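Below: one structure, written as structure tokens.
None of the figures in this text is laboratory data; all of them are computed from the coordinates on show. Just so we're clear, the structure is a prediction, and the values are computed from it rather than from any experiment. Because the Cβ atoms are built from the backbone with ideal geometry, glycine has one as well, and the counts that use them run over all protein chains shown.
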Ligand code: FNR
């Protein structure tokens with residue numbers, strides 16, 4: 001199963017980036033993760049949406065060819081980052097490449113609540129008409145105090161978190177299978 005991934009942080013040492021890279025490696029037998037360089041997208045401009053920059057066309061194509069989408073969100077001031085929202089806005093117009101794509105959400109933050117506010121908002125955004133992502137019900141992957149749960153290579157070391165993530169990925173793959181039937 002091909003899964004395109006959008007990561008809402010462009011920071012070199014981003015925990016969310018590390019998390020997706022960890023998932024790409026750990027679950028390679030189940031899902032093939034393609035990380036989209038959404039940091040290269042210009043600011044969304046409605047004047048350009050019918051004839052958008054090449055990067056928009058390229059990423060739309062990669063999403064279209066994927067079976068599902070993974071969102072990894074940091075929490076910025078109680079919400080998702082502008083970069084992630086910008087990407088979703090581009091993909092919510094013209095080709096509607098996200099409509100009816102199964103989606104799963106993960107998020108890591110240094111605070112105790114592990115991006116819960118950002119994830120609630122993200123679910124709401126993904127549910128809007130032009131976006132139309134079918135989000136996996138429940139299965140909230142909220143990784144708080146993430147700085148204590150990864151090693152220097154960016155691998156998750158917290159056993160409980162790893163077990164939970166394993167179960168969510170399993171649930172996501174099974175759910176995607178049932179949607180296809
Ligand atoms: C944050 N951070 C943060 N954390 C949190 O739990 N709730 C919040 O509302 C915020 N707000 C916030 C705003 C801004 C502008 C920044 C830069 C940071 C801290 C944030 O969780 C932490 O920096 C994470 O490490 C960001 O994710 P990445 O970059 O590691 O993926």
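Numerical summary
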item	result
DSSP-defined antiparallel bridges as percent of all bridges, the chain, nearest 5	10
Stretchable slack from residue 26 to residue 163, in nm (0.36 nm times residue separation minus alpha-carbon distance)	48.1 nm
Relative contact order (%) - criterion: Cα under 8 Å, at least six apart; region: the chain	23
Order of 38, 105 under a 10 Å beta carbon neighbour criterion, fewest first	38, 105
For the chain, calculated [θ]222 nm from helices alone, where every DSSP H run of n ≥ 4 adds -39500 (n - 2.57)	-11500 deg cm²/dmol
Value of relative contact order over the stretch 114-181, rounded to a whole percent, pairs C-alpha under 8 Å and six or more apart	26
Where only alpha carbons of the chain are counted, the Rg and the Dmax (Å)	15.5, 48
